[in-house]
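Since the structure comes first, as structure tokens, the remarks are kept for the end.
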Amino acid sequence: MNEGLPAATEWECMHRRYVVILAILAAATMAVAADWKPYANGRFGYSVDLPAGFKTILVPENGDGIGLESADGQAKLSIWGNYLTEGGFSQERDLRRKFAIDDGWRFTYEKRGASWASLSGVKGDRIIYMRQIALCDDAMGNFTLEYPAAQQKRYGPVIDRLVKTLKAPKHCE
């Protein structure tokens, strides 16, 4: 407190600081949000926001999705749709989990619903996060993000946004 200043001036100083802090936080939030780009898949109809700082490295000819890589090349993001080959959504989800285990991944986190699944696991010094959602016409939308375990804090918010924005077409929900 500044004892020589009138109370109104102290309040004005505190108010200005508060307004400046809010403005900085709002600008930072808008900048981060603006860096994400929407992606809509024409073949399967799902959509998801793509993170800033990732570059496209693969666009399959069949139009099922997109492959991306972080600017430093250490994180790989794959987004795709596929038709169910093993019965329903839960059977396909379990099959894809088995493929990852056969590839050496050890899952440490799993959550499932009737029309979605999220799994996370480790292999050596790498982490994988897998998300799957049911789509129309016996199909599913997927993403996997694989990144160094040392960068878990960096990619946690990226995963949160990907999970939140991976959506089936409105007519499938």
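Tabulated data
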| item | result |
| --- | --- |
| Reachable aspartates and glutamates, given that their alpha-carbon falls under 14 Å from the alpha-carbon of K167 and they are not under 8 places away in the same chain | D49 |
| Accessible area of segment 103-154 belonging to carbon and sulfur atoms, whole % at 1.4 Å probe | 46 percent |
| Rule-of-thumb Rg ratio for segment 38-173 [Cα; 2.2 N^0.38 Å; N residues] | 1.00 |
| Over segment 82-141, volume per residue of the alpha carbon convex hull, in Å³ | 68 Å³ |
| By accessible area with a 1.4 Å probe, ligands and nucleic acids excluded, highest first: order of S115, S70 | S115, S70 |
| Lysines with Cα under 20 Å of K164, excluding same-chain neighbours fewer than 8 positions away | K37, K76, K111, K153 |
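The values are calculated or read from the model by the stated rules, or taken from the named source; none is laboratory data. The structure presented is a predicted model; accordingly, all values stated were derived computationally and were not measured. Just the protein is used for accessible areas: all its heavy atoms, side chains included, with ligands, DNA and RNA removed. Shrake-Rupley method; radii C 1.70, N 1.55, O 1.52, S 1.80 Å.
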